[in-house]
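Enquirer: This is the structure, below, for whatever I ask next.
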Amino acid sequence: MLKTRNSVRLFLFRQSFYLLIVHSANRTLKNLTINTGGVVQKLVQSLEKLRRAFKDRATLEIEIVVLQTLKLVENLAIDVSLNDMPYVDGTSFAPEKGCLPHTRTRTLDEIARWGAAFRDQNEQETDNSHIAGASLLWLIGFPGAGKSAIAHTIAQRFSSLGRLGSSFFFDKADINKRNAAAVFPKISRDLADLIPEWKEELGQITGPSNPHGHELRHTDSVQRQFDEFILAPANKVQFLGPIFIVIDALDECDDGAARTELLRSLSERLHELPRNFRILVTSRREKWIEDTFSGNKNVKRHHLVPAAEEDLEVYYRNVFKHYLPEFDRKWPNMEWTRALVKRSEGSFQWAFTACRFVLEPGWNPTKRLSELLATDDCELQGIDLGIDKLYTVILQKIFPFSNDDDGRIPIFRKVLGRFLCVYDPLSITDLTGLCGPLEDDILDQMGSLLTGVSSGSQEPVQALHSSFRDFLFDKKRSQIYHVDPLAHDKALAKACLTVMKTELKFNISGFKTSYSATKSLNVDSTKNHVSNQLLYASKFWADHLLECQWDTELAGLVHTFIRTKFLFWLELLALSPNIYGSSNSIHLMVRWAQKFGDKELVNFGNDARKFIGDCADVIAFSPPHLYVSVLPLAPRSSIVSKEYMSLFDKTVKVRSDKHHERSPVIKVLADLPSNKHTAYIKSVAVSPDEYEPIIVSSAGDQTLRLWDLHYASPIGNSITEVEDVESIQISMDGQYIAAGTEEGKIYLLDRALVEKSSLRDDKRVVHKVVAVAPGGRIFTGATDGSIHRFSLSANVRSQRPILGHNGVISDLAVSPNGKHLVSCSHDKTIRVWDTRTGKKVHVVSETLVMEGHNDSPRSLSFDEDGKRLLSCGGKTVCVWDTTTNPWKMATKPLVGHKETVSAAHFFDDDDHIISCSRDLNSVIFSADGTRLLSSSEDHAIRLWEIDTGELIGSPWEGHSSGVKMAHFFDETRVVSAAGDGVIRIWDIEHDSGPLKPESQAELEATFPRIDKDGWVHSEDGGERKLLLWLPSEYRRTFLWGRCKKLLGADPTIIDFSEFEHGDRWIHCSSDLSVESTKEQVVAEQADVTSEPSDANE
């Protein structure tokens, strides 16, 4: 007995360690996107050390190594999560862009003193006038006043002190650097690098422990970003000293809802942050910024005065230091310096541009300075700003256009327009690849105004300062040099669509197998297959399209794109985070098509957005599965599937009557705890349809029902796609239904699909738990409180349901003699039934249950002779004496768990009790006591050897949600129930099972695993080989491997007979248009096979 007890204890410790370490590591490494070789090596070393510690029975060492290994895995998971958050490079401070020494000293000192003047968050308030929360300094200045140089310098100062939390420098010329939704993710990740406690808190918020972590990491909601990335960790971390944050050029942020939310967070919510936070914001004086900051006590304004003359003199003499003797001889007594200072009008940007003009390579500096100083203001009538005068002078020197009829003006505007109107700056080579040959001589002399124009340069061409773009785009300011940005969007849209038409193709990156995930492939090698102009076109074609008027040629290019290139476009985007922006690109296309009444584009676009929403994560993980999994398993009503399925015919096929339709739920809003509503919601809604109006109603039975308004009669069956609906609204166009819940969630549903769903006669009972009785009888508990009896041989309910509970059935247990069934429910009762008749025998009163448990009972288990029953509820375990009438507790409630107890069982001749919590939902011993069966929230069932603590074989996988319980049905089979409502019967041992096509039987043996994300895979030497991805609609009823039968649902039938996969996946298409690509990949595979292997790889 002692040996058994010790074996069980050792097993429990090993199993807990396995679940917490190995499972966490597998989930972490599966989504790994960073270089973790060193971390993984440390993890392996720790596990080996742990193995030795087990062997030596060194208990203390075991505990230490377990803690160290747990920390390693935890840090690894956090690193993976944080690296998955968007982070815009090139937006941090750059010391070389700061102020010259001995310039702007007064302003810099004032800002530095303000940044250091704070009270620590733990310091007691002594000054009633002190403002609670964070403080913000708004540095206001005219264009070119030197705001950015000051911001760079201040950021460098605080960085050198270790007090810079983050910096973000907006740039209007770069779409990534002017995105308001990029600010808070970068700030939070920078703070995580600076403050370990911040990193830990942020990892908890965005990591695997949060079921919404992935969606949150990629959210574009600035409000949610502030709440989750900034406010949540800030309120949990203890700070010492100031945390300085710099946000430069806020006025260059893109217009829109994201900008509004960013500004609101930086003003109205400053008081919610710790007072340690000091935020410097620089911008021009814009009304939208001024209105938001107005009246805010946490915001202080600092108006940047024009640069002092002595500062500008220092700047000019420093820049021209190699030419001072020559300049001073030509203009004695520093006459040239004073002239430049006067013309600068206090603007460092004027000074910077003038110096670039004078020192441009290939020109004589003295001659250029003479030309600049010789300009008379009388020649620049109608131009008020000093910087505009300078731009005009420089352009007149380079392009002395006589009048608007000058033939060179269209060429000038074409070249400048193309370069300055792209959303992401391109080099001359890349823009030529996008738009065709350009007149290079236009750019040759513009080095003082543009970057990337020097001979042979591969740098992007862009304005040195945003004020030059503003100058050219404003006709009143630039006059004859005006460039109209709208005139260039059509040309750029056509160029993008033409490049995609020409260069996009099947398997553009040359994936050689469908078994691997993207992280296992050399994604950088795709640069050899994909041009920069194609990358730009794929990302921004829709942005240019939205600005265009209708054009027959343009519309034709868009139609060609959706009919022939859409899937190839998604494949390309899957290699970068841009895949998550593809839905927005299609949305822009739909908006453009709606303006001009193109219904084909609108319909395709609306379906394509749903298609992308279903598969973005999948194809980002493994792009080949866009073709071999996502497309063939898409809903049969999908327009995308109908358009492309005929081209990819060598894939899996779903039996037609089993092909799923899309759920009417389009999107779930306000699903995170921080965003839930708090009000109780209840209502009905009427559609605005004049001819066929309907009413949508919600009720306490957790259903929606549609009613015909004219006849006051229900339409079809009730809808159960969403739960706990308390409030309903219908959109003005009648297309969408919004459903609000008592918990605060909001569901957005497609009305057409809701009506279609209501007419299907497929209302089903959702089975949650299962129990086994002698004679091949199975009892299942359902969400509606009913209990059902099945005959395994007939696979049907043998009798009518057992009714009596008023809540979801939590668990079922059959007495050892097979005569009684015990059930527990959310209604807080335990009930006893006769297994033969289904009649109620006894009810354990609510009072008794609540005396023992601090929550509804959720698990039941008899001892060997049926005289005692264990029940679990909340954090307690109760032992009931079943020989008394009514039942009474045999002992005081058993306490000790810190989390909800999932299950408990007697063992060791019923002298001891084993209980579990956290991820485990149930544990049960085999009849001989040598093995233990466990089920968990990772959708899997596992069998363990008690003496060794080792896992026996591979887990049983196939349920589409957490497995609530698993039982030994007999010596060869296991029965399980899960949250997906399906009861599964499994073989314990592997075998070929019922007759199946030879190819499928082989696949089931080779790829036995199904993970919770729907991937059917194998594990060879620890590396997963991906066979197929299953949409969530198929996972619930998919039969695979050792699962031989389903109860309560019909199995999904998938035909694998023509399935091309692995190294042959490129043959999934028999269309001639991809033959050249297939031949190329086959040739490359042959080359790889013939090369000698590298032992180091």
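Enquirer: For residues in segment 172-205 being part of a loop (DSSP other than H, G, I, E, B) and among the hydrophobic types (A, V, I, L, M, F, W, C), which is surrounded by the fewest Cβ atoms within 10 Å (Cβ to Cβ)?
Expert: Initially, segment 172-205 is screened for residues part of a loop (DSSP other than H, G, I, E, B), giving 172-174, 179, 195.
So of that shortlist, the ones also among the hydrophobic types (A, V, I, L, M, F, W, C) come out as 173, 195.
Numbers: 173: 23, 195: 18.
It comes out as 195.
Enquirer: Could you list, in sequence order, all residues of segment 206-260 that are of a type in the set (D, E, K, R), in a loop (DSSP other than H, G, I, E, B) and under 20 Å from residue 270 (Cβ atoms)? Break it down into steps so the answer makes sense when it comes.
Expert: We begin by selecting, within segment 206-260, every residue of a type in the set (D, E, K, R); these are 215, 217, 220, 224, 227-228, 236, 248, 251-252, 254-255, 259.
Next, from what is left, pick out any that are in a loop (DSSP other than H, G, I, E, B): 220, 236, 254-255.
Across segment 206-260, the qualifying residue is only 236.
Enquirer: Please give the number of the condition residue 405 fails out of (1) part of a helix (DSSP H, G or I); (2) farther than 27 Å from residue 355 by Cβ; (3) free of Cβ contacts under 8 Å to residues at least 40 places away in the same chain.
Expert: Evaluating residue 405 over (1) part of a helix (DSSP H, G or I); (2) farther than 27 Å from residue 355 by Cβ; (3) free of Cβ contacts under 8 Å to residues at least 40 places away in the same chain leaves (1) as the failure.
Enquirer: Here's a follow-up. Please go through segment 1014-1034 and give me each residue that is at pLDDT below 85 and crowded, with 16+ Cβ neighbours inside 10 Å, ordered by number.
Expert: Result: 1024, 1033.
Enquirer: Please state which of the following conditions residue 772 fails to meet, knowing it meets all the rest: (1) closer than 20 Å to residue 905 by Cα; (2) at pLDDT 85 or above.
Expert: Residue 772 satisfies all of (1) closer than 20 Å to residue 905 by Cα; (2) at pLDDT 85 or above except (2).
Enquirer: Out of 863, 911, report the one residue that is buried (at least 17 other Cβ atoms within 10 Å of the Cβ) and either acidic (Asp, Glu) or modelled with pLDDT of 85 or more (or both).
Expert: Working: 911 fails: buried (at least 17 other Cβ atoms within 10 Å of the Cβ).
Going through 863, 911 in turn, the sole match is 863.
Enquirer: Return the residues of segment 802-844 that are in a loop (DSSP other than H, G, I, E, B) and free of Cβ contacts under 8 Å to residues at least 24 places away in the same chain; say none if nothing qualifies. Spell out how you get there, then give the answer.
Expert: The first filter runs over segment 802-844 and keeps only residues in a loop (DSSP other than H, G, I, E, B), leaving 803-808, 815-819, 826-829, 835-839.
Passing the criteria: 803, 806, 819, 836, 837, 839.
For (1) part of a helix (DSSP H, G or I); (2) at pLDDT below 90; (3) touching a Ser or Thr at 6+ places or on another chain (Cβ under 9 Å), each residue gets a yes or a no:
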residue: 472; (1), (2), (3): yes, no, yes
residue: 499; (1), (2), (3): yes, no, yes
residue: 509; (1), (2), (3): no, yes, yes
residue: 513; (1), (2), (3): no, no, no
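Enquirer: If you don't mind, there's one more thing I want to ask. Has segment 303-313 got at least one residue that is assigned to a strand (DSSP E or B) and either at pLDDT below 90 or not hydroxyl-bearing (Ser, Thr, Tyr) (or both)?
Expert: Taking segment 303-313 first, the residues assigned to a strand (DSSP E or B) are 303.
Now restrict to residues that are either at pLDDT below 90 or not hydroxyl-bearing (Ser, Thr, Tyr) (or both): 303.
Checked against the condition, which is being assigned to a strand (DSSP E or B) and either at pLDDT below 90 or not hydroxyl-bearing (Ser, Thr, Tyr) (or both), segment 303-313 yields at least one hit.
Enquirer: Let me ask something additional. Determine which single condition residue 387 fails, assuming it passes every other condition in (1) over 30 Å from residue 171 (Cβ atoms); (2) under 45 Å from the mean Cα position of the chain (by Cα); (3) of a type in the set (Val, Ile, Thr).
Expert: If we test residue 387 against (1) over 30 Å from residue 171 (Cβ atoms); (2) under 45 Å from the mean Cα position of the chain (by Cα); (3) of a type in the set (Val, Ile, Thr), just (1) comes out false.
Enquirer: Just one of the numbered conditions (1) exposed (fewer than 15 other Cβ atoms within 10 Å of the Cβ); (2) in a loop (DSSP other than H, G, I, E, B); (3) touching a Ser or Thr at 6+ places or on another chain (Cβ under 8 Å) is not true of residue 460; which one?
Expert: Just one mismatch for residue 460, condition (1).
Enquirer: Separate question: Just need a number here: residues in segment 910-948 that are more than 27 Å from residue 1004 (Cα to Cα), small (Gly, Ala, Ser) and touching a Phe, Trp or Tyr at 6+ places or on another chain (Cβ under 9 Å).
Expert: So the answer is 2.
Enquirer: Hey, can you tell me all the residues within segment 866-892 that are surrounded by fewer than 18 Cβ atoms within 10 Å (Cβ to Cβ) and in contact with an Asp or Glu (Cβ under 8 Å, 6 or more places away or on another chain)?
Expert: 867, 888, 889, 890
Enquirer: Residue by residue through segment 775-800, note down the ones that are part of a loop (DSSP other than H, G, I, E, B) and modelled with pLDDT of 85 or more.
Expert: Quick first cut of segment 775-800, residues part of a loop (DSSP other than H, G, I, E, B) only: 775-776, 783-786, 792-795, 798-800.
Within segment 775-800, 785, 786 meet the criteria.
Enquirer: Residues that are of a type outside the set (Phe, Trp, Tyr), touching an Asp or Glu at 6+ places or on another chain (Cβ under 6 Å) and assigned to a helix (DSSP H, G or I): does segment 535-543 have at least one? Quick ask: steps written out before the conclusion?
Expert: To start, the set of residues in segment 535-543 that are of a type outside the set (Phe, Trp, Tyr) comprises 535, 537-539, 542-543.
Filter again for touching an Asp or Glu at 6+ places or on another chain (Cβ under 6 Å), leaving none.
No, segment 535-543 contains no residue that is of a type outside the set (Phe, Trp, Tyr), touching an Asp or Glu at 6+ places or on another chain (Cβ under 6 Å) and assigned to a helix (DSSP H, G or I).
Enquirer: When segment 931-959 is examined, which residues are found to be of a type outside the set (Asp, Glu) and part of a loop (DSSP other than H, G, I, E, B)?
Expert: Initial filter on segment 931-959 (of a type outside the set (Asp, Glu)): 931-936, 939-944, 946, 948-949, 951-956, 958-959.
939, 946, 948, 949, 952, 953, 954, 955, 958, 959 - these are the residues of segment 931-959 that are of a type outside the set (Asp, Glu) and part of a loop (DSSP other than H, G, I, E, B).
Enquirer: Given 319, 299, which one is touching a helix residue (DSSP H, G or I) at 6+ places or on another chain (Cβ under 8 Å), outside the structural domain of residue 145 (by TED's automatic domain parsing) and either of a type in the set (A, V, I, L, M, F, W, C) or in contact (Cβ under 8 Å) with a residue 60 or more places away in the chain (or both)? Let's see the steps before the verdict.
Expert: Working: 299 fails: outside the structural domain of residue 145 (by TED's automatic domain parsing).
When all the criteria are applied, what remains is 319.
Enquirer: Out of the residues in segment 579-602 meeting the condition of being among the hydroxyl-bearing types (Ser, Thr, Tyr) and free of Cβ contacts under 8 Å to residues at least 40 places away in the same chain, tell me which one is surrounded by the most Cβ atoms within 10 Å (Cβ to Cβ).
Expert: Here is the first cut: in segment 579-602, the residues among the hydroxyl-bearing types (Ser, Thr, Tyr) are 580, 582-583, 585.
Still in the running and free of Cβ contacts under 8 Å to residues at least 40 places away in the same chain: 582-583.
Details: 582: 24, 583: 16.
Ranking the qualifying residues of segment 579-602, first place goes to 582.
Enquirer: Could you identify the single residue in 822, 849, 754 that is crowded, with 19+ Cβ neighbours inside 10 Å, modelled with pLDDT under 70, aliphatic (A, V, I, L, M) and closer than 30 Å to residue 895 by Cα? I'd like the intermediate steps shown before the answer.
Expert: Details: 822 fails: modelled with pLDDT under 70; 754 fails: closer than 30 Å to residue 895 by Cα.
It is 849.
Enquirer: Suppose we keep only residues that are over 13 Å from residue 878 (Cα atoms) and small (Gly, Ala, Ser) within segment 914-934. Which one would you say is surrounded by the fewest Cβ atoms within 10 Å (Cβ to Cβ)? I'd like the intermediate steps shown before the answer.
Expert: Restricting attention to segment 914-934, the residues satisfying the condition of being over 13 Å from residue 878 (Cα atoms) are 916-934.
Narrowing the set further to residues that are small (Gly, Ala, Ser) leaves 917, 922, 926-927, 929, 934.
On the way: 917: 17, 922: 25, 926: 15, 927: 9, 929: 14, 934: 24.
Here the residue is 927.
The values are calculated or read from the model by the stated rules, or taken from the named source; none is laboratory data. Remember, predicted model here, so these are calculated numbers, not experimental data. All Cβ positions, glycine included, derive from the backbone under ideal geometry; neighbour counts span all protein chains shown.
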